[in-house]
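Engineer: Would you mind keeping the following structure in view while I ask a few things?
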Amino acid sequence: MVTFTEALTTHRLVAIVRSDDPRTAVTTLFEAGIRLVEISLTSPNALKTIADLAPDLPADAWLGVGTIRTAADITDAKSAGATFAVSPATTTAVRASIEANLPILAGVLTPTEIETALSYGATALKLFPASLGGVDYLKALRAPFPDVPFVPVGGVGVAEAVAYLQAGAVAVGVGSPLMGTSLSGLADRAKHLLDTIGTAT
């Protein structure tokens, strides 16, 4: 199986699910061709949904737990069968995730947080909230950190996704612009996003 970093580089998109019906959302996203899906712990029954879906994931799919903040969250995510974790910040959860052999996308914003997350062993770095500095901020960060796998998240829509990828992001995380206000049309939105990301070079 490919590594988490290789999956990010190949697929270039992490779909972020915050939904009252995460099971339907995840299933729809996988069927539409998205291969990395994160269910936020703020979604009802997030861990149960992961536990139910994990045994039957597509062979090349990754199902993660988002909004990880503590070492206990990592334990719960691992027990549920998650294949990666995502944190909003660089906390002790990052180190706990690495110790648990669970790849983690660690939330960072500043250079100091980037160095801290890297020292903890973070697999890749979630630049959050990306909208605060935009594409120019990512470009500025990549000057001293050219080899760091950044994944901008927060305020990333279709147009922004392409711009971030063209600026050197390894992947992007997209939530609300993909999920919309209802699950109706989710498959079409997912396919459109995948097609658009495919144009980024």
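Engineer: Determine the percent antiparallel among the DSSP beta bridges restricted to the chain, to the nearest 5.
Structural biologist: 0
Engineer: Probe radius 1.4 Å, ligands and nucleic acids left out: which of S131, S19 has the largest accessible area, and how do the rest follow?
Structural biologist: Ranked list, largest accessible area first: S131, S19.
Engineer: Keeping every protein chain present and rolling a 1.4 Å probe, give me the accessible area per residue for the chain in Å².
Structural biologist: The answer is 43 Å² per residue.
Engineer: Here is a further query. Which of the listed residues, P58, P22, T5, is farthest toward the dipole's positive end in segment 1-92, when Lys, Arg count +1 and Asp, Glu count -1 at the beta-carbon?
Structural biologist: So the residue we want is T5.
Engineer: Explain nothing, just the number: dipole magnitude of segment 1-124 about its Cα centre with +1 on each Lys and Arg Cβ and -1 on each Asp and Glu Cβ, in debye rounded to the nearest 20.
Structural biologist: 100
Engineer: For the chain, what % of the accessible area comes from carbon and sulfur atoms, probe 1.4 Å?
Structural biologist: The value for the chain is 53 percent carbon and sulfur by accessible area.
Engineer: Starting from the 7 Å offset along Cα-to-Cβ, what nm value, one decimal, do you get for the label separation of T199 and T75?
Structural biologist: Taking the simple label geometry, T199 and T75 are separated by 4.8 nm.
The values are calculated or read from the model by the stated rules, or taken from the named source; none is laboratory data. All of these numbers come straight from a predicted model, not from anything done at the bench. Ideal geometry is used to build each Cβ from the backbone, glycine not excepted, and the neighbour counts take in all protein chains shown. Accessible surface is based on the protein model in full, side chains and every heavy atom, while ligands, DNA and RNA are left aside. Shrake-Rupley method; radii C 1.70, N 1.55, O 1.52, S 1.80 Å.
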